[in-house]
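A.B. asks: Encoded as structure tokens, here's the structure I'll be asking about.
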Amino acid sequence: MTVDVTDATFESEVVQRSKTTPVVVDMWAPWCEPCQTLGPILEKVIDATDGKVILAKVNIDENPGVVQAFSVQSIPAVYALRDGQPVDGFMGSYPEHFVQEFVDKLLPTAGQSLQAELLAAGDETSLRKVLEGEPGNEDAIVALAELLVERGDNDEALALLERIPESDRTRKIAAAARLGDAPEDDYEQQLTTLLDSVRDDDDARQRFVDLLELMGPDDPRTARYRKQLTSRLF
């Protein structure tokens, strides 16, 4: 797969996309003869990966922002990105066997492909298999914790979430696990009742925060109750 990338689309087409699929960035220009030789080789080798690697072509004459970000001194310049970061690269025009070796290093191993397939399946058995090989796989932990909370295995869900750093997505799942079967239709009543205890009662304060987490930032009541919590604590 080949895409033409500009300063405006580089973040989405290269940086963000590289978090799921390796991206090879080809810095070129129409007047660069070595670029005209290397470009078709890159396209041929990367097209043969059937989407496992993406080629992003950047015309340096039209996209000075990308050129500056990579401190490009000469072209052709080729960079490989994975997980949003450069991991390899070369300058100059090289024959096909060199490009093939460069791209092959970016391809997932058989084990990585299997893990990706299991993660995509998303069922409990598949997710547990992912964690057998990668106990700290964040995506698998979050997905499995969600399944556990849905069926009421809250303690196991919380234990799983302790393996990874807290984030926006883990906080909501952890809140749901701690609250258990708290009825959604009386959040406001619960929050109002808890307000008198949040200052001196750690459990009440945690429950208050968890309820806000489940309500989410888009709920107009969330900001109001956060302010009330702050006023009670400070």
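A.B. asks: Starting from residues that are surrounded by 18 or more Cβ atoms within 10 Å (Cβ to Cβ) and in contact with a helix residue (DSSP H, G or I) (Cβ under 7 Å, 6 or more places away or on another chain), keep the ones in the range 99-118 and report whichever is farthest from Gly180 (Cα to Cα).
C.D. replies: Quick first cut of the range 99-118, residues surrounded by 18 or more Cβ atoms within 10 Å (Cβ to Cβ) only: 99, 102-103, 106, 115, 118.
Narrowing the set further to residues that are in contact with a helix residue (DSSP H, G or I) (Cβ under 7 Å, 6 or more places away or on another chain) leaves 99, 103, 115, 118.
On the way: Val99: 54, Val103: 48, Gln115: 31, Leu118: 28 Å.
Here the residue is Val99.
A.B. asks: Among the numbered criteria (1) touching a residue at least 24 places away in the same chain (Cβ under 8 Å); (2) loosely packed, with under 14 Cβ neighbours inside 10 Å; (3) farther than 17 Å from Val99 by Cβ, which single criterion is violated by Thr20?
C.D. replies: That leaves (1) as the condition not met.
A.B. asks: Okay, next question. For Val15, all conditions in the list (1) within 24 Å of the chain's Cα centre (by Cα); (2) assigned to a loop (DSSP other than H, G, I, E, B); (3) farther than 23 Å from Phe98 by Cα; (4) not basic (Lys, Arg) hold save one; what is the number of the exception?
C.D. replies: All conditions pass for Val15, except number (2).
A.B. asks: Name the helices (runs of 4 or more DSSP H) wholly inside the range 133-234 in which the number of residues that are crowded, with 16+ Cβ neighbours inside 10 Å and either within 26 Å of the chain's Cα centre (by Cα) or among the aliphatic types (A, V, I, L, M) (or both) is 2 or more.
C.D. replies: The helices (runs of 4 or more DSSP H) meeting that bar are 138-150, 154-161, 168-179, 187-194, 202-215.
A.B. asks: Only one of these is aliphatic (A, V, I, L, M) and under 26 Å from the mean Cα position of the chain (by Cα): Ala77, Ala29, Ala56. Name it. Quick ask: steps written out before the conclusion?
C.D. replies: Working: Ala77 fails: under 26 Å from the mean Cα position of the chain (by Cα); Ala29 fails: under 26 Å from the mean Cα position of the chain (by Cα).
Result of the check over Ala77, Ala29, Ala56: Ala56.
Residue-wise test of (1) part of a loop (DSSP other than H, G, I, E, B); (2) free of Cβ contacts under 8 Å to residues at least 24 places away in the same chain; (3) surrounded by fewer than 19 Cβ atoms within 10 Å (Cβ to Cβ); (4) not basic (Lys, Arg).
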| position | (1), (2), (3), (4) |
| --- | --- |
| Asp50 | yes, yes, yes, yes |
| Lys57 | no, no, yes, no |
| Gly65 | no, no, yes, yes |
| Gln68 | no, yes, yes, yes |
| Ser74 | yes, yes, yes, yes |
| Val78 | no, no, no, yes |
| Leu81 | no, no, no, yes |
| Asp88 | no, yes, yes, yes |
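A.B. asks: Of Asp139, Asp123, which residue is under 22 Å from Lys19 (Cα atoms), at pLDDT below 95 and among the acidic types (Asp, Glu)?
C.D. replies: Of Asp139, Asp123, the one residue that is under 22 Å from Lys19 (Cα atoms), at pLDDT below 95 and among the acidic types (Asp, Glu) is Asp139.
The values are calculated or read from the model by the stated rules, or taken from the named source; none is laboratory data. None of these values were measured; they are calculated from a predicted model. Heads up, the Cβs are rebuilt from the backbone with ideal geometry, glycines too, and the neighbour counts pull from every protein chain shown.
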